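Everything on this sheet refers to the single structure shown next.
The values are calculated or read from the model by the stated rules, or taken from the named source; none is laboratory data. Remember, predicted model here, so these are calculated numbers, not experimental data. Cβ placement follows ideal geometry from the backbone for every residue including glycine, while neighbour counts extend to all protein chains displayed.
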Amino acid sequence: MSELLPVVILISGGGSNLQAIINASQTGELPVDIRAVISNIDGAHGLVRAQEAGIPTEVIKHTDFASREGFDLALQNSIDDHEPALIILAGFMRLLSDNFVNHYLGRMINIHPSLLPKLKGLNTHQRALEEHRAGTLKEHGASVHFVTPDLDGGPVILQASVPIKRDDTIESLGARVLIREHQIYPVVIRWFAEGRLGFKDNQAIFDGQILEHGLSYDELTS
Ligand code: GRF
């Protein structure tokens, strides 16, 4: 078997993206060694998913720290103990300090539930519905991007879109987006593991080419 990419995955919640990554690694599609899953929330369901897959878990509660910097440093020390080549944010709902982000620049990725640069920040499905009703947004979707100090503003690697339907609710739209998230995240991680994806001068590089806007999963698979 070829060498596995050591990764650490950070979560705060249900962990359905984590599950998609676990599944892809178990089928051999994804050459990763998930060294640890770390959550800032005790009782996050993603921890159970990791334990069921035999992956070591850790809980580092942000509420146990007086400052963001203190939490970030503890998190960084835990992550670095596992010597990962890639840090994967999978529904990790904490703002991260610049020092932390810069420590992992070019080797930390995130998945965001919108077609970035549209709808950065929280509550993206609700805002997508509002904008759709106002006629300012045609479609919605998900993006995988490198994490930089610019919140949700790091270079986009891969996106997948979903239509917005007239009778959509936050839940129905969110569920449709989540399906696409589970498709695109393992693909990006595989590219990184295969050495096809890199980061230089605040830009994503894929197969030696700068990605100006990120790739479209729909175009790649059509
Ligand atoms: C996903 O929508 C992800 O894009 C966002 O948080 C959600 C996490 O879902 N950052 P899950 O925990 O992977 O199910």
Exercise for the section: Taking residue 2 as the residue in question, decide whether it is modelled with pLDDT under 95 and either under 18 Å from the mean Cα position of the chain (by Cα) or more than 16 Å from residue 182 (Cα to Cα) (or both). Expected result: yes
Exercise for the section: Please tell me if residue 47 is within 16 Å of the ligand (Cβ to nearest atom) and either in contact with an Asp or Glu (Cβ under 9 Å, 6 or more places away or on another chain) or more than 15 Å from residue 100 (Cβ to Cβ) (or both). Expected result: yes
Practice task
Could you please let me know if residue 151 is more than 13 Å from the ligand (Cβ to nearest atom) and among the aliphatic types (A, V, I, L, M)?
Solution key: no
Exercise for the section: Kindly indicate whether any position in the range 92-105 is among the small types (Gly, Ala, Ser), crowded, with 16+ Cβ neighbours inside 10 Å and touching a residue at least 40 places away in the same chain (Cβ under 8 Å). Expected result: no
Practice task
Hey, could you check the range 166-222 for residues that are assigned to a helix (DSSP H, G or I) and of a type in the set (Val, Ile, Thr) and say which is nearest to the ligand (Cβ to nearest atom)?
Solution key: 177
Completion exercise
Expected single match for on the phi > 0 side of the Ramachandran plot and free of Cβ contacts under 8 Å to residues at least 40 places away in the same chain among 70, 54 is 54
Handout entry: One residue from 79, 60, 111 being of a type in the set (Val, Ile, Thr) and within 12 Å of the ligand (Cβ to nearest atom)
Key = 111
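Tell me the helices (runs of 4 or more DSSP H) entirely within the range 66-150 that contain at least 2 residues that are among the charged types (D, E, K, R). Don't jump to the end; show me each part of the working.
Working: elements: 68-81, 98-103, 124-133.
Correct list: 68-81, 124-133.
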Exercise for the section: Report yes if residue 181 is touching a residue at least 40 places away in the same chain (Cβ under 8 Å), within 28 Å of residue 28 (Cα to Cα), surrounded by fewer than 19 Cβ atoms within 10 Å (Cβ to Cβ) and of a type in the set (D, E, K, R), otherwise no. Expected result: no
Exercise for the section: Report, ordered by the first and then the second residue, all pairs with beta carbons closer than 6 Å, sequence separation of six or more or different chains, a first member in the range 196-222 that is on the phi > 0 side of the Ramachandran plot, and a second member that is among the β-branched types (Val, Ile, Thr) and part of a strand (DSSP E or B). Expected result: 214/156; 214/157
Handout entry: The lone exception for residue 130 - which of (1) free of Cβ contacts under 8 Å to residues at least 40 places away in the same chain; (2) under 23 Å from residue 6 (Cα atoms); (3) among the acidic types (Asp, Glu) it fails
Key = (2)
